[in-house]
1. Among the residues that make up the range 155-162, is at least one of them under 23 Å from residue 22 (Cα atoms), surrounded by 13 or more Cβ atoms within 10 Å (Cβ to Cβ), touching a residue at least 24 places away in the same chain (Cβ under 8 Å) and over 18 Å from the mean Cα position of the chain (by Cα)?
2. Restricting to the range 88-113, name every residue that is outside any loop (DSSP other than H, G, I, E, B), surrounded by fewer than 14 Cβ atoms within 10 Å (Cβ to Cβ) and touching a helix residue (DSSP H, G or I) at 6+ places or on another chain (Cβ under 9 Å).
3. Which pairs turn up if I take residues in the range 64-76 that are in contact (Cβ under 8 Å) with a residue 24 or more places away in the chain and look for partners that are exposed (fewer than 12 other Cβ atoms within 10 Å of the Cβ) and assigned to a loop (DSSP other than H, G, I, E, B) with beta carbon separation below 8 Å, at least 6 apart in sequence or on another chain?
4. Collect the residues in the range 186-204 that are without any contact (Cβ under 8 Å) to a residue 40 or more places away in the chain, farther than 14 Å from residue 91 by Cβ and either touching a strand residue (DSSP E or B) at 6+ places or on another chain (Cβ under 9 Å) or assigned to a helix (DSSP H, G or I) (or both), keeping them in residue-number order.
5. Has the range 53-65 got any residue that is at pLDDT below 95, buried (at least 16 other Cβ atoms within 10 Å of the Cβ) and over 30 Å from residue 185 (Cβ atoms)?
6. Checking residue 152 against (1) farther than 20 Å from residue 37 by Cβ; (2) surrounded by fewer than 20 Cβ atoms within 10 Å (Cβ to Cβ); (3) touching a helix residue (DSSP H, G or I) at 6+ places or on another chain (Cβ under 9 Å); (4) modelled with pLDDT of 90 or more, which single condition isn't satisfied?
């Protein structure tokens with residue numbers, strides 16, 4: 001990812017927190033010399049590896065995981081996590097001239113995917129449900145009669161990616177003057193985009 005120095009976020013804890021807050025991501029690998037992407041929720045295990053380990057699962061019918069069964073050719077994966085973003089109008093800057101731009105945040109994680117056992121796949125599915133149900137007033141507990149979930153688990157494949165490289169780009173007008181940044185924040189709030197404005201204020 002192209003990252004000008006002003007927009008680079010090097011802090012591992014900040015990048016990990018971003019992944020956890022924006023955990024629905026795009027998994028990109030190459031199949032037959034062409035890029036292939038799947039959109040998946042990811043869990044981050046910070047306790048393993050230098051940068052942590054990403055855990056997820058996908059449909060068994062998805063062809064993306066099938067080349068991972070062999071170790072003859074290393075499979076490299078890119079997982080793209082994206083956050084809030086917004087168009088930035090030149091009219092918001094206090095200085096002139098300026099051009100339109102786009103403010104956004106993204107974290108890229110690189111590594112090699114590894115398939116896991118059926119038992120670990122079940123654990124990943126359980127952990128994923130618990131992660132997203134935990135914020136609900138009445139969490140759903142995967143309660144179902146008989147072997148319903150065991151049968152469903154046969155239709156998914158679990159995997160892990162130990163993060164080998166992690167990079168973050170938070171593009172929030174850090175290369176502009178304080179006055180220009182204030183103008184952009186005011187413009188965003190006026191258009192109801194307070195989430196982006198909050199991000200910019202946190203990076204002051």
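1. Residues of the range 155-162 that are under 23 Å from residue 22 (Cα atoms), as a first pass: 156-162.
Imposing the further condition that a residue be surrounded by 13 or more Cβ atoms within 10 Å (Cβ to Cβ) reduces the set to 156-162.
Imposing the further condition that a residue be touching a residue at least 24 places away in the same chain (Cβ under 8 Å) reduces the set to 156-162.
Among the residues that remain, those that are also over 18 Å from the mean Cα position of the chain (by Cα) are: 156-157.
Within the range 155-162, one or more residues are under 23 Å from residue 22 (Cα atoms), surrounded by 13 or more Cβ atoms within 10 Å (Cβ to Cβ), touching a residue at least 24 places away in the same chain (Cβ under 8 Å) and over 18 Å from the mean Cα position of the chain (by Cα).
2. 91
3. If the second residue must be exposed (fewer than 12 other Cβ atoms within 10 Å of the Cβ) and assigned to a loop (DSSP other than H, G, I, E, B), the pairs left are 67/73.
4. Scanning the range 186-204 gives 189, 194, 197, 198, 201, 202, 203.
5. Start the filter on the range 53-65 by keeping residues that are at pLDDT below 95, which leaves none.
The answer is no, given that none of the residues of the range 53-65 is at pLDDT below 95, buried (at least 16 other Cβ atoms within 10 Å of the Cβ) and over 30 Å from residue 185 (Cβ atoms).
6. Here residue 152 meets the rest and fails (4).
The values are calculated or read from the model by the stated rules, or taken from the named source; none is laboratory data. Bear in mind that the values here come from a model prediction, so they are computed numbers and not experimental data. Cβ coordinates were reconstructed from backbone atoms using ideal geometry, including for glycine residues, and neighbour counts include every protein chain displayed.
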